[in-house]
1. In debye to the nearest 20, how big a dipole does the range 126-278 give about its Cα centre with +1 on each Lys and Arg Cβ and -1 on each Asp and Glu Cβ?
2. Starting from 0 in steps of 5 Å, tell me what percent of the Cα-Cα pairs of the range 251-336 lands in each bin.
3. Assign unit charges at the C-beta atoms only (+1 for Lys and Arg, -1 for Asp and Glu), then state the dipole size of the chain relative to its Cα centre in Debye, rounded to the nearest 20.
4. To the nearest 20 debye, what charge dipole does the range 251-336 have about its Cα centre, counting +1 at the Cβ of each Lys and Arg and -1 at the Cβ of each Asp and Glu?
5. Where does the charge balance sit around His83 when Lys and Arg score +1, Asp and Glu -1, over other residues with C-beta under 15 Å from its C-beta?
6. Hey, can you grab everything whose amide H is under 5 Å from the amide H of Lys273? Only 5+ residues off in sequence or another chain; H modelled, so Pro and N-termini drop out.
7. Roll a 1.4 angstrom probe over the protein heavy atoms and tell me the percent of accessible area of the chain that is carbon or sulfur.
8. So which residue, out of Arg109, Arg172, Arg101, gets the largest mean-square fluctuation from a GNM of the chain using Cα contacts under 10 Å as springs?
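The values are calculated or read from the model by the stated rules, or taken from the named source; none is laboratory data. The structure presented is a predicted model; accordingly, all values stated were derived computationally and were not measured. Neighbour counts are summed over all protein chains in view; Cβ atoms, including those assigned to glycine, are modelled from backbone coordinates with ideal geometry. Accessible surface areas use protein heavy atoms only, side chains included; no ligands, DNA or RNA. Shrake-Rupley method; radii C 1.70, N 1.55, O 1.52, S 1.80 Å.
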Amino acid sequence: MIDLRSDTVTQPCQAMREAMANAHVGDDVFKEDPTIIALEKYGATLFGKEAALFCSSGTQTNQIAINVHVTPGGEVICHEESHIYKYEGGGIAKNSGASVRLLPGDRGRITANQIASWINPVHDVHFPITQLVSLEDTANRGGGAVYDINELSKISTLCKTIGLPLHLDGARVFNALAVNKMNPKDYGTFFDSMSICLSKGLGAPVGSLLLGSASFIEKARRVRKVFGGGMRQGGIIAAGGLFALKNNVTRLIEDHQHAKLLESALKKCSKVKEVMTVQTNIVVASLNEEDQRDPFIEALKSKGILCMPFGPGMIRAVTHLDISIEQISYCVHSIENM
Ligand SMILES: *Cc1c(COP(=O)(O)O)cnc(C)c1O
């Protein structure tokens, strides 16, 4: 099967497995796991942050960050289709008791002007206190759309001026950096906290990093423990993450090229109405008729290709490091002839 359902389906390669098997470990709740410490240091340094925290998932890093930034009754500003709101089980409300201000926006992205107009007046007791802005780069529901650097800069300046924390859900931040060509250190200056996934396009089996200031990470470490996420000899999995950060970042452009090929094949397919312009490794297409979606997915499956339903009449295909150019050529041929 050619599995394009998500970039989470990757298998660790032999070299990654060896790095994991040979990892030096210790009890990380005692801060004694040398591999986790090395991974956290590597990630923090890469983005110019003081500290990092290794966590079990991107949902966990996002939810911990939100919990540190907000108090119950506060408000989080984010895009209406953002992962933190739509795909984290209602965690903003359940874990942190906060409300959300959901904003519409082009392909999963919001603007500084929008944010400015939705920051509630602090001295009017009617309104929840705006406590956090969260952005997603790349935006999953936006079909892997990348934020414009000028817009990010404006949002960051706005938040800094007001003293409003800015969080990044950077599950696919390396895909964004491959496109905007920005240095991670410069990019890191935009945000107070960042969540980066090691288990998406980077190909590690498990894990995400939360990045921020030393005092932020100290608070986050406590919240991680409370959420049941304190791990012991987690260096075994952290070694996979460290290997991924060191070896699997520069190759992401291949995934983007592969996604472009899928985009043009889908555009030639008679059953497809529209394809979102591919910017990174996510391809989203809508079919001519809503009820064609499931049969289309089934037809692809019968040819050995897996993709995901992505809302009414829509499908998503994601490229990743286990998909070769030969497999993409086969997909292109199959899709064009559907
Ligand atoms: C995958 C993803 C996450 C985190 O997901 P986990 O499965 O919890 O690691 C967060 N944000 C976005 C945009 C994602 O695509």
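1. Values: 20 positive and 12 negative charges, 82 e Å.
Roughly 400 debye, rounded to the nearest 20.
2. All Cα pairs, binned at 5 Å, distribute as 3, 16, 28, 29, 16, 6, 1, 0 percent.
3. Numbers: 34 positive and 35 negative charges, 63 e Å.
The calculation lands at about 300 debye.
4. Working: 10 positive and 12 negative charges, 26 e Å.
About 120 debye.
5. Values: positive: Lys86, Arg107, Arg109, Arg141, Arg172, Lys200, Arg316; negative: Asp7, Glu80, Glu81, Glu88, Glu136, Asp137, Asp169.
Net charge in that neighbourhood comes out at 0.
6. Ser286, Leu287, Asn288
7. Numbers: 7760 of 14420 Å².
Heavy-atom surface of the chain belonging to carbon and sulfur, 1.4 Å probe: 54 percent.
8. Highest fluctuation of the listed residues: Arg101.
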